[in-house]
1. Which of (1) more than 10 Å from chain B (Cβ to nearest Cβ); (2) surrounded by fewer than 24 Cβ atoms within 10 Å (Cβ to Cβ); (3) under 19 Å from C:Leu130 (Cα atoms) is the odd one out, the single condition C:Arg300 does not satisfy?
2. List the number of the failed condition for C:Trp208; all other conditions in (1) of a type outside the set (Ser, Thr, Tyr); (2) in contact (Cβ under 8 Å) with a residue 12 or more places away in the chain; (3) more than 7 Å from chain B (Cβ to nearest Cβ) hold.
3. Considering the range B:207-217 alone, what residues qualify as being in contact with a helix residue (DSSP H, G or I) (Cβ under 7 Å, 6 or more places away or on another chain) and within 14 Å of chain C (Cβ to nearest Cβ)?
4. Name the single residue that is farthest from the other protein chains (Cβ to nearest Cβ) among those in the range B:77-102 being part of a helix (DSSP H, G or I) and open to solvent by 60 Å² or more (accessible area, probe 1.4 Å).
5. Assess whether C:Ser252 counts as being hydroxyl-bearing (Ser, Thr, Tyr), surrounded by 15 or more Cβ atoms within 10 Å (Cβ to Cβ), modelled with pLDDT of 85 or more and under 18 Å from the mean Cα position of the chain (by Cα).
6. Being closer than 23 Å to A:Asp205 by Cβ and basic (Lys, Arg), is that true of even one residue in the range A:116-132?
7. Looking only at residues in the range C:126-157 that are part of a helix (DSSP H, G or I), more than 7 Å from chain B (Cβ to nearest Cβ) and in contact (Cβ under 8 Å) with a residue 12 or more places away in the chain, which one is farthest from C:Asn246 (Cα to Cα)?
8. When you go through (1) within 11 Å of another protein chain (Cβ to nearest Cβ); (2) touching a residue at least 40 places away in the same chain (Cβ under 8 Å) one by one for A:Ile132, which number turns out not to apply?
Amino acid sequence: MIEATPSVPLGARSSVSVRDLTIAYGDLEILKEMNLDVRTGEFLVLLGPSGCGKSTLLNAIAGLNDIRSGQICIGDVDVTYAEPSKRGIGMVFQSYALYPRMTVEQNMSFGLRMTSTPKAEIGARVAEAARILQLEPLLKRRPGELSGGQRQRVAIGRALVKKAGVFLFDEPLSNLDAKLRSELRVELKRLHQDLDSTMIYVTHDQIEAMTLGDRVAVMKDGIIQQLGTPHEIYHRPANRFIASFIGTPGMNFIDGRVEIGPDGACFRSAAMDVPLAGYEPVGPLRQGAAVLGIRPEHLQPMSEDRDGPAMSVTLVEAMGPETIVHGRIGENALALRVPGEFEGGRGDILHLSLATTKINLFDTASGLRL
Amino acid sequence: MDRRASAMQIDRKPIPLGRPRLVSPGRIGLYIFAFASMLFFLLPFWVMLVTSLKPMDEIRLGNLLAWPDNLTFQPWIAAWSSACTGLVCDGIRGGFVNSVLITVPAVIISVLFGAINGYAISTWKPRGADLLFGGLVLGAFIPYQVFVYPMTRVLANFGLFGSLGGLIGIHVVFGLPLTTMLFRNFYAGMPPELFKAARVDGAGFWKMFVYVMLPMSMPILVVALVLQVTGIWNDYLLGLIFGGSSYAPMTLQLNNIVNTVEGERNYNIDMAATIITALVPLLVYFLSGKLLVRGVTAGAVKG
Amino acid sequence: MESTTPGRRPPSRPPFRIRMEQIAVVPAWAILLMAYLGTLMFTVVLSFTNSRGFPQFDFVGLSQYRRLMATPRWSVSVENLLVFGTGFIICCLVFGFLLAVVMDSRIRGEGFLRTVFLYPHSMSFVVTGLAWQWMFNPALGIQSTVRGWGWETFTLNWLTRPDLAIYVMIIAGAWQSTGLISVILLAGLRGVDADIWKATKVDGVPTWQVYLRIVLPMIRPMVAVSVIMLAISVVKAYDLVVALTNGGPGMSTELPAKFAMDSLFTRQNIGLASASITLILVSVVAIVGPWMYCEARKARNSGGH
């Protein structure tokens with residue numbers, strides 16, 4: 001009994017939806033009942049530390065993993081058990097995965113040749129992709145004769161010629177050096193704007209995630225912790241993990257309590273007291289233990305000594321345009337992002353001011369945003 | 001200093017810093033040891049060569065190492081075409097033909113087969129692949145003696161005992177673990193993403209093998225060929241048991257010529273026959289150069 | 001082709017598919033199960049029968065093993081195996097390691113040396129045996145050559161001496177196999193991080209000390225592989241004996257593998273032969289088993305996802 005496996009028509013931009021997807025090896029669950037909807041034409045970034053399951057999810061969408069349960073749809077076709085080549089996808093890998101014994105041209109056309117596309121059509125599509133990616137002078141070369149950036153462009157071209165409805169990127173820039181990486185990042189962004197295709201992009205690099213993504217899904221332990229625009233992820237992290245994972249250095253945390261007094265809610269701790277009038281809580285605030293989170297740029301030293309909380313400086317990292325100042329208030333280690341002109345050093349006492357509208361509150365026990 | 005620094009850039013070159021000054025007692029000792037070892041390894045071949053080029057009278061004088069005074073190629077001709085095994089005096093040429101007839105098909109089949117197995121096991125990981133591979137590796141370690149007797153019964157039942165096809169089949173069976181291991185390790189060393197990319201591109205099992213994997217397999221293919229050619233050519237045991245009277249390989253005939261003679265032994269002919277028998281693997285070894293080295297170490301170290 | 005609205009339809013079951021990779025390894029499975037496992041079990045079963053010229057299935061328990069133990073030729077073979085094995089393995093390892101060090105010390109003509117060390121390995125054991133038989137020929141070999149140089153009392157008649165013939169086998173075996181061991185160990189030496197050498201240089205450790213105390217422990221896996229390979233070839237040793245001494249003089253170079261072959265095909269005693277082969281098999285498993293177990297565990301520990 002052989003079912004005809006469904007296949008996704010090529011050339012159409014598609015949405016992707018993942019329903020209750022569980023992937024496990026033996027008892028080890030890599031993904032747990034994952035749900036994710038990627039909109040048509042969206043650039044979605046899967047961001048997380050290594051081992052969080054982001055690549056597994058991408059491979060599952062590509063059909064390269066065995067899945068235990070759940071459903072994956074591309075467009076409106078259920079592709080849960082379809083062959084990778086029947087899913088209307090193009091995929092770009094970290095190691096480029098170019099076929100070493102084929103020329104650039106043969107690399108790009110291989111997928112089309114495998115599906116017996118007419119010769120003329122293949123030629124036209126390869127030429128078009130080569131034009132978009134400026135690979136025309138390199139068509140006859142072998143991958144070994146190309147630079148890393150060129151190889152990755154060929155890998156992108158391989159996905160382009162197939163007119164894939166969904167592009168999957170598995171850490172495509174991680175093997176490149178910093179300068180090339182930022183160049184190709186811009187190129188990818190432009191490509192997305194031109195093609196307007198659906199793109200799913202796996203990375204552990206938050207700068208890539210922030211700059212490229214329309215939306216970012218932050219993953220940890222096989223679970224999507226938060227799905228939102230880069231702005232939301234950065235400014236309204238759903239939990240402490242995201243708050244510390246995003247941003248370099250991560251968010252500062254101060255342990256304390258929320259107290260509801262006659263003149264409104266207030267966060268009290270040994271280090272500082274902060275009125276919570278400007279804070280938009282997820283639900284109604286309750287009295288009890290809480291953690292206050294504040295980004296390094298939202299803590300600033302005050303020019304003249306006033307009665308702000310006093311931090312003693314332990315370390316100063318000058319980075320050129322900005323300087324990171326590390327210090328302590330009592331038990332709490334803090335980092336400040338200050339302009340590069342900052343002059344000061346170890347042992348200095350800084351009085352801090354805090355942007356009260358920029359604070360975050362997390363539950364002490366669960367780590368969830370309050 | 002500069003030479004050291006540049007030498008360090010070269011991959012897999014000796015570690016320059018461990019080296020003492022160029023002329024030191026240790027250094028001289030090193031060269032003496034190397035030279036002595038070289039003599040030890042070359043001596044038997046030299047002796048074989050000069051013996052095979054001397055007439056028997058000169059051999060009886062008892063100087064093993066000396067270059068022949070009366071150089072003669074007669075022993076070589078005799079070894080090839082008229083040396084006796086028992087009552088038959090056809091030289092070793094029949095064995096040569098047999099060895100070619102056995103080696104060529106057995107090598108081709110076992111290498112191709114090993115390539116397919118290694119590819120299937122390493123990239124597609126069919127259910128039980130680890131068990132299959134582990135079993136084959138274990139099988140490669142077990143002496144032939146364990147398998148041969150039942151195997152003779154099986155071949156006899158199929159009427160293949162003593163036939164060329166049967167002997168080739170036996171070589172394929174016993175060559176399979178090594179070739180599978182070589183290809184499996186080679187393919188396992190490739191980025192798995194290559195395989196994923198090919199699947200996304202729509203290449204199935206055979207298309208991926210033919211268009212993606214095989215074109216990249218040249219290095220390991222040569223290694224496998226070299227190892228199989230020398231291995232099968234040098235086999236004695238399997239030829240002895242399964243070759244019957246009509247398909248005795250060269251090694252077997254050589255041993256018969258040398259060790260089962262009655263009357264006076266013609267050492268010059270014996271040595272000529274020995275060299276002729278060793279010629280094919282030696283040629284393969286010298287032509288393949290580093291590949292054989294890489295092959296034996298890869299097979300050994302990774303196995 | 002059916003289309004679904006995402007999320008509405010319950011997940012489909014994986015479709016039945018003929019998996020080509022599964023088919024492709026069927027012949028390999030067949031060979032493993034029949035040609036290897038099947039014949040192996042057949043041999044073990046035969047060792048418990050009293051088969052002589054043909055397999056019979058009269059089970060006689062361990063009596064073939066008892067007979068084997070009482071057979072002088074077998075016990076001599078085992079003793080010879082121990083002498084040969086110890087000498088051969090030690091020779092190959094020590095000599096091979098020295099050669100590896102030589103090749104690793106930026107010696108001139110390293111490639112040439114490697115070719116010279118390794119070429120015997122490409123030849124048949126039969127060739128090796130015959131070559132050394134000739135070298136040790138008492139009438140016309142090295143002995144008469146040295147005497148010809150004026151040392152009239154020089155004797156090198158090992159092949160005719162029951163107590164010494166086995167050492168010729170060790171020499172011949174080492175001549176063939178040392179090159180391979182040196183190349184394996186050399187691969188290990190080349191794998192040692194260059195920074196280790198720099199560190200020892202900075203610390204002023206003498207080179208030979210570095211090899212002995214730092215490098216040798218680091219290349220333990222290669223040494224292990226070498227020992228395994230050598231041990232296996234000792235247990236398998238057959239062609240070399242046949243060509244070099246054919247077991248003689250007397251039984252002084254008989255080895256178990258040869259005993260098994262002779263019992264099988266010359267003396268037509270399949271039950272006894274199978275018992276000896278089963279013991280050979282057990283010894284191989286005892287050598288390889290622990291090593292493979294360690295390797296598998298190492299692979300699992302380093303491999304995980």
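1. Tallying (1) more than 10 Å from chain B (Cβ to nearest Cβ); (2) surrounded by fewer than 24 Cβ atoms within 10 Å (Cβ to Cβ); (3) under 19 Å from C:Leu130 (Cα atoms), C:Arg300 fails exactly one: (3).
2. Checking C:Trp208 against (1) of a type outside the set (Ser, Thr, Tyr); (2) in contact (Cβ under 8 Å) with a residue 12 or more places away in the chain; (3) more than 7 Å from chain B (Cβ to nearest Cβ), the one that fails is (2).
3. Once the filter is applied, which keeps residues that are in contact with a helix residue (DSSP H, G or I) (Cβ under 7 Å, 6 or more places away or on another chain) and within 14 Å of chain C (Cβ to nearest Cβ), the range B:207-217 yields B:Lys207, B:Met208, B:Phe209, B:Met213.
4. B:Ile77
5. Criteria not met by C:Ser252.
6. No, every residue in the range A:116-132 fails to be closer than 23 Å to A:Asp205 by Cβ and basic (Lys, Arg).
7. Among those that are part of a helix (DSSP H, G or I), more than 7 Å from chain B (Cβ to nearest Cβ) and in contact (Cβ under 8 Å) with a residue 12 or more places away in the chain, it is C:Gln143.
8. (1) is the only condition that A:Ile132 fails.
The values are calculated or read from the model by the stated rules, or taken from the named source; none is laboratory data. On a predicted model such as this, the values are computed, not experimentally measured, just so you know. Backbone-built Cβ (ideal geometry, glycine too); neighbour counts: all protein chains shown. Calculation scope for accessible area: heavy atoms of the full protein, side chains included, ligands and nucleic acids excluded. Shrake-Rupley method; radii C 1.70, N 1.55, O 1.52, S 1.80 Å.
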